[in-house]
Amino acid sequence: MLKTIIYIAIGGAIGSVLRYLTSVFVNKYWSNQFPLATFITNVLGCFIIGFLIGILEKNNLASSHFKWFLITGFCGGYTTFSTFGYENYSLFQSNNSILAFGYITLSIVLGVFAVWLGLFVSK
């Protein structure tokens, strides 16, 4: 278990730094109201998690330490939106469309509400 935690921690650190660098790079060339850096990070993270899961499954490595390092660690550090995207993809693939739409709707609505509530409580 400790070995797995170390893989996740290292991958998470790399993903977090890459997220920061993505923001620095995008914001250097884009200064507008639209949060392009976060948008790019989230969409790119979704592509990366899909690509990595596909590679891991194709090579029978889906239950290896590579999964913890790349998926939970790196992708989790880069963006948890990638996991959100993959979980919804999985729900749609298993014919749980209603559950997927509920998950999407509740995540967005409650997420925005939770931010508002947190800000409200802190004041």
When region 1-16 is checked residue by residue, the ones that are assigned to a helix (DSSP H, G or I), out of contact with any helix residue (DSSP H, G or I) (no Cβ under 8 Å at 6 or more places or on another chain) and more than 22 Å from residue 86 (Cβ to Cβ) are 2, 6
Given the criterion within 19 Å of the chain's Cα centre (by Cα) and among the basic types (Lys, Arg), identify the matching residue among 28, 67.
67
Using beta carbons and a limit of 8 Å, which pairs, at least six apart or on different chains, have the first residue in region 59-85 and free of Cβ contacts under 8 Å to residues at least 40 places away in the same chain and the second one basic (Lys, Arg)?
61/67
Considering (1) closer than 21 Å to residue 14 by Cα; (2) among the hydroxyl-bearing types (Ser, Thr, Tyr); (3) over 19 Å from the mean Cα position of the chain (by Cα), say which one residue 94 fails and leave the rest.
(1)
List pairs: first in region 98-123 and within 16 Å of residue 82 (Cα to Cα), second open to solvent by less than 100 Å² (accessible area, probe 1.4 Å) and of a type in the set (A, V, I, L, M, F, W, C), Cβ under 6 Å, 6+ apart or cross-chain?
100/91; 100/92
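The values are calculated or read from the model by the stated rules, or taken from the named source; none is laboratory data. Just so you know, these numbers come straight off a predicted model, no measurement behind them. Quick reminder, even Gly has a Cβ in these numbers, built from the backbone with ideal geometry, and neighbours come from all protein chains shown. Note: accessible area is taken over every heavy atom of the protein model, side chains too, but ligands, DNA and RNA are not part of it. Shrake-Rupley method; radii C 1.70, N 1.55, O 1.52, S 1.80 Å.
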